[in-house]
Amino acid sequence: MGDWIRLVPPNDAVEVFGIRLVGVNAENGKKLLFTIVFICVVLAISWLARTISRLMLSHVRHGRLHFWTRQSIGVFVTVLLILGITSIWFDDPARLATALGLITAGLAFALQKYISAVAGYLVILRGQTFNVGDRIVMGGVRGDVVALNFIQTTIMEMGQPPGVQADDPAMWVKSRQYTGRIVAVSNSKVFDEPVFNYTREFPYIWEEISIPIPYSADRARAEEILLSVVEKHASAATEISAEALQELHRRYMMKESGVRPRVYFRPTDNWVELSVRFVTLDHATREVKDAIYRELLDRFDEAGIKIASTTFEVVGLPNVRLELGSGDGEPQEWSAGLHRQMK
């Protein structure tokens, strides 16, 4: 063994079968061994910390607390590894500065997208753009944030309401409910496109339901029914959202906006359109609208109010007389209706 591998002075370079290995010496070997041991110790600490946190939080059902605990441990371990490995291999500050300059230049060119993603991650956290559990639109993907790491944001995709069904990508689910697809979006998208957050500061949205009724219908009665039904099913959200809206006005420069349901009229060529505006929790929108529609149809039927539709009404038909010759020479007369008369 001594003939195959030996240390050559003055810097104890490693020589294998008479071939001196560039950059490999006894000091580097010790550093490499120490680095391996250090990484194993840090990973063991990480595993121990995750296990302890999982046991301590086993009875806590707050999903965000679990996520951010794991995230904090991951960030701490990453920083500890970087600092430890750097300290082991670069004991000379001058060498460290030179190495960092070269490494930074190379990484900036080769890993531009990854660097942008990590920068996006910092912006998301520092700017409080969104959090795990928020409902957002990011990179053209609409849904709930289920995971977040240094590079990607993971979103549980949801469908699109009928008004935006033509958006890309097209959806087969015609409502704001899960499609079952999990989509990973690069964090760098925060620099390229706006991020729409449905629940971060104000977990409510203003919804509208439009009902067309004929001009001959009792419009006052229709408005009364519409308001009573909406107030019945959206009352809880209305009361809670008023407090949240006051906090929103305190934090941001925005105009006052009421949360009580209100009906707006819009006449068209064929009917009068009644649009009711109300506040509801974003995650309960479809259930609330479904309950409103069901009761609204029943109440309209009881009041004798019809829902207008695009139809054609025939108000008159001129008399038409048609004579056809038959085989026996006697004419057959057809009236404008469906009755056939023989002469």
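The values are calculated or read from the model by the stated rules, or taken from the named source; none is laboratory data. Note that the structure is predicted; figures quoted are calculated from it, not measured. Cβ sites come from the backbone with ideal geometry, for glycine too, and all protein chains shown count toward neighbours.
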key: Residues located in region 37-87, provided they are among the hydroxyl-bearing types (Ser, Thr, Tyr), farther than 26 Å from residue 133 by Cα and buried (at least 16 other Cβ atoms within 10 Å of the Cβ)   = none
ask   = Among (1) closer than 14 Å to residue 223 by Cβ; (2) free of Cβ contacts under 8 Å to residues at least 24 places away in the same chain; (3) part of a helix (DSSP H, G or I), where does residue 294 come up short?
value = (1)
ask   = Is there any pair linking a residue in region 211-237 that is farther than 22 Å from residue 259 by Cα to one that is surrounded by fewer than 14 Cβ atoms within 10 Å (Cβ to Cβ) and of a type in the set (Phe, Trp, Tyr), with Cβ under 8 Å and at least six apart or on different chains, and which?
value = 219/265
note = Matching residues in region 242-291 (surrounded by fewer than 13 Cβ atoms within 10 Å (Cβ to Cβ), in a helix (DSSP H, G or I) and at pLDDT 85 or above) number 1
inquiry  = Going by what's in this entry, would residue 137 be described as modelled with pLDDT of 80 or more, in a helix (DSSP H, G or I) and not aromatic (Phe, Trp, Tyr)?
reply    = no
request  = State which residue is surrounded by the most Cβ atoms within 10 Å (Cβ to Cβ) when the search covers only region 111-128 and only residues that are at pLDDT 85 or above and β-branched (Val, Ile, Thr).
outcome  = 124
ask   = Looking at (1) at pLDDT 70 or above; (2) under 33 Å from the mean Cα position of the chain (by Cα), which is the only condition residue 108 fails?
value = (1)
message = Can you go through 279, 263, 272 and tell me which one is in contact (Cβ under 8 Å) with a residue 24 or more places away in the chain and within 13 Å of residue 204 (Cα to Cα)?
response = 279
